[in-house]
Number of protein chains: 2
Amino acid sequence: MHHDDFQLAGFTPYLLNQAAEAQSLIFSAIYKDRYGMLRNEWRVLFHLGRYGEMTAKDISEKAMIHKTKISRAVRALEEKRFLAREVSEEDRRAERLTLRAPGREAFEYLVKAAGEYEDRLAGKLGQDEVQMLKALLNKLL
Amino acid sequence: MHHDDFQLAGFTPYLLNQAAEAQSLIFSAIYKDRYGMLRNEWRVLFHLGRYGEMTAKDISEKAMIHKTKISRAVRALEEKRFLAREVSEEDRRAERLTLRAPGREAFEYLVKAAGEYEDRLAGKLGQDEVQMLKALLNKLL
DNA sequence: TGTTGATAGTCCGTTTTGTAACTAACAAGC
DNA sequence: GCTTGTTAGTTACAAAACGGACTATCAACA
């Protein structure tokens with residue numbers, strides 16, 4: 001391929017990035033506007049809501065997010081009264097994190113919103129194409 | 001969908017983001033390691049290489065990047081001696097940007113690398129699936 | 001030619017990220 | 001119980017992203 005033919009708009013990393021940014025914007029507006037949350041806060045909230053009590057380490061491993069980001073997200077969620085931390089008895093370095101009532105409410109609301117987002121997407125692309133897209137994205141990972 | 005069933009790993013914005021980040025990392029390593037460039041610098045370099053002389057405004061519109069980002073990328077590329085700026089005669093607010101020899105070389109190299117990246121991707125996913133993926137991503141935009 | 005509104009590009013202050021120490025606690029071997 | 005190495009989480013500082021305010025210039029028109 002000569003450089004005269006090369007188009008940024010056909011370059012896969014560029015397309016992926018544009019699509020990811022566009023879609024991310026749609027959903028992030030929800031947790032941002034409604035709860036003032038950042039993406040990592042939503043991810044941490046999600047893990048605690050979905051899997052119950054976890055330590056920062058647990059979340060870091062499961063979500064594949066660096067521990068510093070977890071630390072900051074946990075502090076932000078604590079300041080919002082969304083979660084409680086308690087030093088573990090077995091290992092006093094670790095903290096057991098759990099959602100408090102407002103955090104659980106936010107989790108429920110956001111999971112519902114995420115489901116609605118997926119429904120809208122399926123309505124726009126078609127169920128088969130969404131499945132195809134997800135399969136292809138997984139293959140890239 | 002009840003919240004017990006909801007998986008982050010199946011949530012489209014999450015998948016898109018993970019895939020975009022992973023693929024972006026592969027290619028950005030090239031312009032970052034070799035030329036110390038940032039993503040917006042690569043995009044500006046690309047536009048100048050592909051389309052010839054442009055103003056910051058032109059690039060901003062064509063690449064859909066905010067003008068402050070263009071401004072910073074242009075300065076960085078200028079400091080690398082990759083481009084030259086010249087105040088326009090017709091409109092002294094505007095600057096005509098052109099690649100200098102080292103910038104053209106970097107452009108050629110990176111376009112070649114981008115082509116090789118696409119080839120590797122087609123080898124991994126198959127040509128049909130790459131086309132399908134691009135079509136789906138475009139549909140999302 | 002003076003005024004008004006728009007435009008090209010930069011600057012500056014704030015927010016966010018990245019990452020390399022650092023602290024406190026644990027665990028294993030001696 | 002002392003050393004040595006590891007681990008959970010925080011801190012501190014540097015790199016970078018973001019967006020609104022700013023400067024200089026232009027265009028239109030009275």
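If we count every other residue with Cβ under 14 angstrom of B:L121's Cβ, Lys/Arg +1 and Asp/Glu -1, where does the sum land? The partial results should precede the final answer.
Working: positive: A:K139, B:R120, B:K124, B:K134; negative: B:E116, B:E118, B:D119, B:D128, B:E129.
With Lys, Arg at +1 and Asp, Glu at -1, the net is -1.
For the chain pair B and A, the interface hides roughly 5100 square angstrom of accessible area in total, found with a 1.4 Å probe. Residues whose amide H lies under 5 Å from that of B:M37, counting only those 5 or more places away or on a different chain, are B:K32; hydrogens are built 1.01 Å from N in the peptide plane.
Distances between copies of B:M64, taken at a point 7 Å out from Cα along the Cα→Cβ vector and listed shortest first: 2.6 nm.
Distances between copies of B:K124, taken at a point 7 Å out from Cα along the Cα→Cβ vector and listed shortest first: 2.6 nm. With a 10 Å cut-off around each Cβ of A:102-115, the average count of Cβ atoms from other chains is 2. Across segment A:26-140, the mean sequence separation of Cα contacts (distance under 8 Å, 6 or more residues apart), normalised by length, yields a relative contact order of 24 percent.
Taken per residue, the accessible surface of the protein assembly as shown reaches 55 Å², heavy atoms only and a 1.4 Å probe. What the phi angles of segment B:49-54 give under the Karplus curve with 6.51, -1.76 and 1.60, with θ = phi - 60°, is a coupling list of x, 7, 10, x, 3, 9 Hz, glycine and proline written as x. Which of the aspartates and glutamates could a cross-linker span from A:K67 if the Cα-Cα distance has to be under 20 Å and same-chain partners fewer than 8 positions apart are dropped? Filter leaves A:E41, A:E53, A:D58, A:E78, A:E79, A:E86, A:D91, A:E95, B:E21.
Taking the axis that rotates chain A onto chain B, the chain A residue nearest to it by Cβ, with the distance rounded to whole Å, is A:A20, 2. Measuring between alpha carbons in the structure, the pairs from A:K32/B:K69; A:K134/B:K32; A:K112/B:K124; B:K32/B:K124; A:K124/B:K134 lying more than 26 angstrom apart are A:K134/B:K32; A:K112/B:K124. Sequentially through segment B:124-141, phi angles give Karplus couplings (6.51, -1.76, 1.60; θ = phi - 60°) of 7, 8, x, 4, 4, 6, 4, 4, 4, 4, 4, 4, 5, 5, 5, 5, 6, 9 Hz, Gly and Pro residues having no value and appearing as x.
What's the FRET efficiency of B:E53 with B:Q127 using the Cβ-Cβ distance as r and R₀ = 45 Å, to the nearest 0.05? It comes out at approximately 0.80. Checking every one of the trypsin sites (Lys or Arg not before Pro) in segment A:1-69 against DSSP loop status and a limit of 12 other Cβ atoms within 10 Å picks out no site at all. Couplings 3J(HN,Hα) of segment A:68-84, computed from phi: 5, 5, 4, 4, 5, 5, 4, 4, 4, 5, 5, 5, 7, 6, 8, 9, 10 Hz, in residue order, whole Hz [Karplus 6.51 cos²θ - 1.76 cosθ + 1.60, θ = phi - 60°; x for Gly and Pro]. Normalising the Debye intensity of chain A to I(0), with uniform scatterers on Cα atoms only, and taking log10 at q = 0.14, 0.18, 0.21 Å⁻¹ returns -0.78, -1.09, -1.29.
Plugging the Kirkwood radius over Cα pairs into Stokes-Einstein for segment B:37-110, at a temperature of 10 °C and a viscosity of 1.306 mPa s, what D comes out in µm²/s?
On the way: Rh = 11.9 Å.
Answer, rounded: 133 µm²/s.
Taking the accessible area of the protein assembly as shown, probe 1.4 Å, and keeping the other protein chains in place, the carbon and sulfur fraction comes to 48%.
After finding the eigenvalues of the alpha carbon gyration tensor for the protein assembly as shown, what semi-axes result from the square roots of 5 times each, listed largest first in whole Å? Walk me through the intermediate numbers first.
On the way: eigenvalues 324, 104, 65 Å².
The answer is 40, 23, 18 Å, longest axis first.
What separates the A:E95 label point from its copies, with the point 7 Å along Cα to Cβ, is 4.6 nm, written shortest first.
Backbone amide hydrogens, once placed in the peptide plane, bring B:T98 within less than 5 Å of B:A84, excluding anything fewer than 5 places away on its chain.
The values are calculated or read from the model by the stated rules, or taken from the named source; none is laboratory data. Remember, predicted model here, so these are calculated numbers, not experimental data. Note that we place each Cβ from the backbone using ideal geometry, even for glycine, and neighbour counts take in every protein chain shown. Note: areas computed on protein heavy atoms with side chains; ligands, DNA, RNA excluded. Shrake-Rupley method; radii C 1.70, N 1.55, O 1.52, S 1.80 Å.
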